[in-house]
Amino acid sequence: MRNLIFEEPEVRVPGDTSSSLRYAWESIRAPVIIPLLKLAVILCSIMSIMLFVERVAMAIVILVVKVLGKKRYTKYNLEAMKQKLERNKRFPMVLIQIPMYNEKEVYKLSIGAVCGLSWPADRFIVQVLDDSTNQSLRECVQMECQRWIQKGVNVKYETRTNRNGYKAGAMKEGLEKEYVEDCEYVAIFDADFQPDADFLWNTIPYLLENPKLGLVQARWKFVNSKECMMTKLQEMSLDYHFSVEQEVGSSTYSFFGFNGTAGIWRIQAIKDAGGWKDRTTVEDMDLAVRASLQGWEFVFVGDIKVKNELPSTFKAYRYQQHRWSCGPANLFKKMTMEILYCHRVPLLKRLHLVYAFFFVRKIVAHWVTFFFYCIVIPACVIVPEVSLKKQIAIYIPATITILNAVSTPRSMHLLVLWILFENVMSLHRTKAAIIGLLEANRVNEWVVTEKLGNAMKQRKNAKPSRTSWFRIIDRIHPLEIIVGMYMLHCAIYDLLFGHDHFFIYLLLQAGAFFTMGFGQVGTIVPY
């Protein structure tokens, strides 16, 4: 039966459509497909080794740091610095910026948390930068600000008539206000971030102690990480970013990026870097790179955790990942030569910034995940003439995966699901990185990540609404479905004719693409 279905075609021009497609395939298979696939395997193998070396190097560094207890921020005696500050009573003036845009569900949480900071009330200013287009929501935010003003907190409510520069534009204009001139530092919190009351006490001493320090970056703590499977998997990826990537960058005095929130800057460092720029969708990373090239140092303090919210709908997560993948690729294109020619920074640090931080982590990591694991490996199944070594196809990816996942040990049982989820998301990250490099039409697309905040607390009590056809269609994602069909075809072929067990992975991965393609991930918010 198998031979009847997949028998070799006769060398002639067939008449029916099915036979024509088979004839065309056999015609280009040897002269075109096989050479191209061999080249793709070589390129993907090189990228896999590059990523593998980078991950292992960081694993070694973080192991040494943890075993020796030599995290960079631990060299400071925080308690002694606090006591010195209390004795001197010389509290620096601090500006706290809260940029927001139509943040209906979370604006009270962030404003309340920031206004509740334990820093002397006359030594900090809360600046709410509201770009909301909803007039009634603007009034609500303004009323919330007024409520805290009546409690004695110095709150400034700032709005604009446009959204020029998006978040970067709002913060740039905020720093230009006259009342900011007396401020030495600026802390930044996105609208869903809720710092603990002692945040300033735990960060400003580092800046006072080290005049070369331009940024203190805190870690994120996810309040909804257990809400659904998608948020659990996101937590695994972000835990690696904080506990490994940023910790290694900080401990080795090499570059690590500002996360755009939950950090405090020395305002002079921002000025030296040229201020906020809106040329990419990662204005935070842009500022950090320019400040680093000016010689400013950064420190990551993993013991300070700021509560925030993970995207819990697939639509919101896709937009966020597009911005986070497109922006770095675009910035890499814009700044590579500027970085390489900056003689104020040691050559080794410049090469690390260009190669490791940008090229391997922001380009290669996405490309190898999608092209190799979702396109090339499945193609090798139906073109057996192209050999695929197990070291490259299995052992290296397995090692990289384990090194990523150990940062969240309580979620190790989700390892397989995390791999499948990350492979699906690599489709969007790869597309976004290509758009960033080519500066295509979506390169500057900025969609604010949807937050559910208080709405999630009310979900259980909400009555389910009728699901319209429009809502169903809106949740269907054609790209995921197309890739899922391709992988399913390769899986069936391998099951029937293959001599290995790649079909197990291909079936699982096809199922993941279909699951996300039909919108069956994340939370379903009642309308």
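The values are calculated or read from the model by the stated rules, or taken from the named source; none is laboratory data. All of these numbers come straight from a predicted model, not from anything done at the bench. With ideal geometry, Cβ positions are generated from the backbone for all residues, glycine too; neighbour counts draw on all protein chains shown. Accessible surface is based on the protein model in full, side chains and every heavy atom, while ligands, DNA and RNA are left aside. Shrake-Rupley method; radii C 1.70, N 1.55, O 1.52, S 1.80 Å.
When only residues in the stretch 97-123 that are hydroxyl-bearing (Ser, Thr, Tyr) and crowded, with 22+ Cβ neighbours inside 10 Å count, which is farthest from Arg163 (Cα to Cα)?
Residues of the stretch 97-123 hydroxyl-bearing (Ser, Thr, Tyr): 101, 107, 110, 118.
Adding the requirement that they be crowded, with 22+ Cβ neighbours inside 10 Å leaves 107, 110.
Numbers: Tyr107: 18, Ser110: 21 Å.
Checking each candidate, the answer is Ser110.
Take residues that are open to solvent by less than 10 Å² (accessible area, probe 1.4 Å) and tell me which of the helices (runs of 4 or more DSSP H) falling wholly in the stretch 265-371 contain 2 or more. Give the steps one after another, and end with the answer.
Working: elements: 267-272, 283-293, 314-340, 347-351.
Those helices (runs of 4 or more DSSP H) span 267-272, 283-293, 314-340.
Only residues that are in contact with a strand residue (DSSP E or B) (Cβ under 7 Å, 6 or more places away or on another chain) and among the small types (Gly, Ala, Ser): list them for the stretch 305-331, please.
The answer is Ser312, and nothing else.
Is it the case that the stretch 378-386 has a residue that's within 19 Å of the chain's Cα centre (by Cα) and surrounded by fewer than 17 Cβ atoms within 10 Å (Cβ to Cβ)?
First, pick out the residues of the stretch 378-386 that are within 19 Å of the chain's Cα centre (by Cα): none.
There is no residue in the stretch 378-386 that is within 19 Å of the chain's Cα centre (by Cα) and surrounded by fewer than 17 Cβ atoms within 10 Å (Cβ to Cβ).
Going by the conditions given, is Val126 in a strand (DSSP E or B), within 25 Å of Ile204 (Cα to Cα), open to solvent by less than 60 Å² (accessible area, probe 1.4 Å) and not charged (D, E, K, R)?
Values: in a strand (DSSP E or B): yes; within 25 Å of Ile204 (Cα to Cα): yes; open to solvent by less than 60 Å² (accessible area, probe 1.4 Å): yes; not charged (D, E, K, R): yes.
Here the answer is yes, as Val126 does meet what is asked.
Filtering the stretch 30-45 down to residues that are surrounded by 14 or more Cβ atoms within 10 Å (Cβ to Cβ) and of a type outside the set (A, V, I, L, M), which residue is farthest from Thr369 (Cα to Cα)?
Out of the qualifying residues, it is Lys38.
Give the number of residues within the stretch 226-256 that are open to solvent by 10 Å² or more (accessible area, probe 1.4 Å) and in a loop (DSSP other than H, G, I, E, B).
6
Taking Ala187, is it under 19 Å from Tyr107 (Cβ atoms) and crowded, with 19+ Cβ neighbours inside 10 Å?
Working: under 19 Å from Tyr107 (Cβ atoms): yes; crowded, with 19+ Cβ neighbours inside 10 Å: yes.
Judged against the criteria, Ala187 is a match.
So which residues in the stretch 398-412 are open to solvent by less than 50 Å² (accessible area, probe 1.4 Å), outside any loop (DSSP other than H, G, I, E, B) and in contact with a Leu (Cβ under 9 Å, 6 or more places away or on another chain)?
Going through the stretch 398-412, the residues open to solvent by less than 50 Å² (accessible area, probe 1.4 Å) turn out to be 398, 400-401, 403-405, 407-408, 411.
Next, only the ones that are outside any loop (DSSP other than H, G, I, E, B) stay: 398, 400-401, 403-405, 411.
If the condition is that a residue be open to solvent by less than 50 Å² (accessible area, probe 1.4 Å), outside any loop (DSSP other than H, G, I, E, B) and in contact with a Leu (Cβ under 9 Å, 6 or more places away or on another chain), then Ile400, Thr401, Ala405, Ser411 are the ones that fit.
Give the stretch 55-76 a look and list any residue that's assigned to a loop (DSSP other than H, G, I, E, B) and either in contact (Cβ under 8 Å) with a residue 24 or more places away in the chain or open to solvent by less than 40 Å² (accessible area, probe 1.4 Å) (or both), or say none.
Step one: of the stretch 55-76, the residues assigned to a loop (DSSP other than H, G, I, E, B) are 69-71, 76.
Residues satisfying the conditions are Lys70, Lys71, Tyr76.
Please enumerate the residues belonging to the stretch 133-176 that are touching a strand residue (DSSP E or B) at 6+ places or on another chain (Cβ under 9 Å), outside any loop (DSSP other than H, G, I, E, B), hydrophobic (A, V, I, L, M, F, W, C) and over 21 Å from Arg323 (Cβ atoms).
Leu137, Val141, Cys145, Trp148, Ile149, Val155, Leu175
Using beta carbons and a limit of 9 Å, which pairs, at least six apart or on different chains, have the first residue in the stretch 476-490 and in contact (Cβ under 8 Å) with a residue 12 or more places away in the chain and the second one open to solvent by 60 Å² or more (accessible area, probe 1.4 Å) and not in a helix (DSSP H, G or I)?
Listed pairs, sorted by first residue: Ile476/Phe518; His477/Phe518; Glu480/Phe518; Ile481/Phe518.
Which one of these is open to solvent by 50 Å² or more (accessible area, probe 1.4 Å), modelled with pLDDT of 95 or more and not hydrophobic (A, V, I, L, M, F, W, C): Asn154, Asn134, Asn164?
Exactly one of Asn154, Asn134, Asn164 is open to solvent by 50 Å² or more (accessible area, probe 1.4 Å), modelled with pLDDT of 95 or more and not hydrophobic (A, V, I, L, M, F, W, C), namely Asn154.
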